[in-house]
Amino acid sequence: MTSAKQIEANQANAQHSTGPRTEEGKSHTRLNALKHGLRGLMHLLPDEDQLEYAGHCEGIYNSLEPATELEARLAQSIADDYWRTQRIRRLEQNLLNSNQLNQDLLKQLNLLSLYESRITRNIKTNNAEYRRLQSDRRAREQAELHELMEDAGFSPGATPENDNGSVRSTSFIEYVENEIAEINRFRKDAGTPELTPEVIEKIRQGARQAA
């Protein structure tokens, strides 16, 4: 049984818990809430498992890595359509296993095939739109990062890309951290204000997104 002191300690801890503090953390929290809300809109058949569906959606999310609300909604649509194609194939198999090959069965199979074709086209369209949105977002993020770095005093020409055009990863993040430290040392020695925590966090967030 929980004691009165334990209850008081839990309440005190809850008051000190403020949740995510950075914009990146808040954005992840909003996307997670949206993701779980969107999953609840899918109506499953009696023989379909909720946990299996949730794992299916999580796999699509991990593959697509949505970072905005619109990307999350498209990712969920893609996940639901893939689930529907699996459902159709299962229904087709059930019909074929019924051993009742007649005109009515053929009509049902043709109808399921038509549905699958439509859903497959929808997946292709949504995937293309998703890639376009993701490409546009990343281009904006890189432009914003370049502007932030230039305003902060980073070395001219510093970019998230390697010489061959591929995006840097850990090495770029390390470079950003070293530049932040060097700029602040220079500003401190010169008696000028150092980079604010807000600016540093924005640069770090941009570097993580670019990497």
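Readers should treat all values here as calculations from the given coordinates under stated rules, not as data from a laboratory. Just so you know, these numbers come straight off a predicted model, no measurement behind them. Every residue, glycine as well, gets a Cβ built from its backbone with ideal geometry; the counts of neighbours run over all protein chains shown.
A few remarks follow.
- Compared with the direct C-alpha span, the chain from Ser135 to Gln93 gains 11.2 nm at full extension, assuming 0.36 nm per residue.
- The label-point distance for Leu106 and Ala190, in a model that sets each label 7 Å from Cα toward Cβ, rounds to 8.2 nm.
- Residue among Ile88, Leu109, Leu44 farthest towards the positive dipole end of region 40-116, charges placed on Cβ: Leu109
- Between Leu51 and Arg204, the C-beta separation translates, for a Förster distance of 45 Å, into a calculated FRET efficiency of about 0.80.
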